[in-house]
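Reviewing the structure listed below.
The values are calculated or read from the model by the stated rules, or taken from the named source; none is laboratory data. Values in this document were obtained by computation on a predicted structure and should not be read as measured data. Methodologically, a virtual Cβ is constructed for each residue, glycine included, from the backbone with ideal geometry; neighbour enumeration extends over all protein chains shown.
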Amino acid sequence: MSEKILLDISKKLNALIAISLKQLVGDREFGTKGRKKSGTGEMVRYLAGMGLDAKDIAGILGAPIQSVRTLLTPARRK
């Protein structure tokens, strides 16, 4: 395998590990100010911050890729 492929796989595994650990300790980082449930936008931005691209995020969240791209546009970020 090439170095780029290994780095890409490593980045994705790190994101999954971080999510699993946050669930394990009950961390609520997804902007839950007064809300019980976090929104897709917060999760999309969180995963993008972990280095995942829109295609991978769409696959993880089960959301359309165009919606993920829209949520990642600078005008939609809060």
Seminar exercise, completed: Filtering the range 1-41 down to residues that are at pLDDT 80 or above, small (Gly, Ala, Ser) and over 26 Å from Gln66 (Cβ atoms) yields Ser2, Ser10, Ser20
For this session: Count, please, the residues in the range 42-67 that happen to be in a helix (DSSP H, G or I), at pLDDT 85 or above and loosely packed, with under 14 Cβ neighbours inside 10 Å.
Result: 3
